[in-house]
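The values are calculated or read from the model by the stated rules, or taken from the named source; none is laboratory data. The structure presented is a predicted model; accordingly, all values stated were derived computationally and were not measured. Ideal geometry is used to build each Cβ from the backbone, glycine not excepted, and the neighbour counts take in all protein chains shown.
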Amino acid sequence: MNDRVRLVSVDAFRGITVAAMLLVNNPGSWQHIYGPLRHAEWHSATPTDLVFPFFLFIVGVSAALALLPHVEAGHDNRLLRRGVLMRAARIVLLGLALQAFNYVLHDMPHFRPFGVLQRIGICFAAVGMFAIYTKPRTQWIALSSLLLGYWAMMAWGGDMTREGNLAARFDTWLLGPWCYQYDPVSGMGFEPEGVLSTLPAIGTALLGLRAGDWLRRGDVQRLWSMGTYAVLFGFVWSLVFPINKQLWTSSYVLWTGGLAMIALGTFHALMDKKRMPPIGKSFGMNAIFAYAGAWLLASVLGATGAHQALYANGFGWMIPRFSAEAASLSYAIVFVALWWLVVKGLDRRKIHLKI
């Protein structure tokens with residue numbers, strides 16, 4: 001399933017998104033973070049809340065570039081399906097392995113079965129099946145059904161508070177203490193990558209699938225126009241179904257998906273057409289490796305106390321001179337820069353580690 005068309009804008013988009021993931025996930029101190037680098041506490045969104053949906057969007061774009069040429073050429077769907085499902089399974093298993101590593105290393109009270117890579121794997125499997133077996137009209141119908149259906153379920157099943165929403169109550173019933181957050185006193189849990197909220201997350205990947213099809217046909221104007229419509233529609237929808245990353249609300253899908261379309265169209269115009277340097281490409285060529293490797297390193301540094309020592313000795317001097325937030329951000333920037341050196345070296349040697 002090698003791409004028929006390799007667009008550096010897609011690799012750059014993916015790479016900048018992964019670099020942003022590393023930046024917001026690895027501050028020097030979780031107590032001292034600039035507001036834009038924090039997730040919104042509940043409703044609304046910050047720039048940080050764009051990172052994960054942008055990555056799921058590019059998963060759909062990549063699926064379009066990798067699969068649709070084979071589908072149109074009449075290649076064996078069974079082989080395409082096997083390739084998609086095998087890769088999705090590897091991504092999910094990697095996510096479970098990372099969670100298991102963290103569980104043992106940090107002696108955590110329970111194992112968390114859900115997470116970022118698990119959601120990526122599930123969404124990749126779903127969007128891959130849509131790419132192989134359905135036409136655009138069916139994909140639009142599926143997207144509409146997912147977003148409207150999720151809205152109906154959430155409106156019917158409870159309120160939009162952290163404790164009362166249907167997604168949280170369903171995940172609590174299914175996972176109990178295995179949720180990301182669990183209160184043993186109230187018996188309530190919360191899992192931001194839980195089961196119900198994965199349904200609209202698939203919608204984000206579907207938007208990427210349609211955008212990827214337009215991109216490979218060179219229809220940049222449609223990316224920009226449809227992206228603008230999606231942003232506006234998402235904003236209007238948020239008046240009754242608020243933008244919320246932790247619930248992955250339908251308005252959030254359209255708002256972030258529209259912004260991703262506009263960004264992708266701009267990247268394509270600048271990097272593929274005008275041949276501007278594809279900033280972020282090295283991260284994009286080894287995206288999952290960079291995410292997983294950085295995750296493992298951060299886990300080891302935290303468990304051994306090395307993180308605290310590195311931060312205090314390397315960046316503590318900045319706190320009285322500038323601020324604790326500046327020191328924390330500087331640590332994150334250095335962390336990302338070190339991983340950039342790793343992936344840049346791999347890219348120069350044409351080593352691209354795929355899952």
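Overview of values
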{"item": "Filter result for the condition that a residue is among the charged types (D, E, K, R) and within 19 Å of TRP140 (Cβ to Cβ), over ARG275, ARG222", "result": "ARG222"}
{"item": "Pair list, Cβ under 6 Å, 6 or more apart: region 60-81 residue at negative phi and surrounded by 15 or more Cβ atoms within 10 Å (Cβ to Cβ), other residue β-branched (Val, Ile, Thr) and modelled with pLDDT under 95", "result": "LEU65/VAL5"}
{"item": "Any hit, region 160-167, residues being part of a helix (DSSP H, G or I), over 28 Å from ILE58 (Cβ atoms) and aliphatic (A, V, I, L, M)", "result": "yes"}
{"item": "Members of region 29-59 found to be hydroxyl-bearing (Ser, Thr, Tyr), part of a loop (DSSP other than H, G, I, E, B) and under 18 Å from the mean Cα position of the chain (by Cα), listed by number", "result": "THR46"}
{"item": "Scope region 242-288; condition β-branched (Val, Ile, Thr) and closer than 30 Å to MET154 by Cβ; matching residues", "result": "ILE243, THR249, VAL253, THR256, ILE262"}
{"item": "Among the residues listed as ALA155, ALA125, the single one being among the small types (Gly, Ala, Ser), surrounded by fewer than 18 Cβ atoms within 10 Å (Cβ to Cβ) and either closer than 15 Å to VAL59 by Cα or touching a residue at least 24 places away in the same chain (Cβ under 8 Å) (or both)", "result": "ALA155"}
{"item": "Scope region 99-118; condition in contact with a helix residue (DSSP H, G or I) (Cβ under 6 Å, 6 or more places away or on another chain) and either exposed (fewer than 14 other Cβ atoms within 10 Å of the Cβ) or under 16 Å from PHE52 (Cβ atoms) (or both); matching residues", "result": "HIS106, HIS110, PHE111, GLY115, LEU117, GLN118"}
{"item": "Members of region 82-111 that are of a type in the set (Gly, Ala, Ser) and without any contact (Cβ under 8 Å) to a residue 24 or more places away in the chain", "result": "ALA97, ALA100"}
{"item": "Listing of helices (runs of 4 or more DSSP H) fully contained in region 76-157 that carry 2 or more residues being modelled with pLDDT under 95 and aliphatic (A, V, I, L, M)", "result": "77-105"}
{"item": "Options LEU264, LEU329, LEU338, LEU297; residue that is within 30 Å of ASP213 (Cα to Cα) and either at pLDDT below 95 or not in a loop (DSSP other than H, G, I, E, B) (or both)", "result": "LEU264"}
{"item": "Tally of residues being closer than 22 Å to TRP224 by Cα and aromatic (Phe, Trp, Tyr) across region 235-285", "result": "5"}
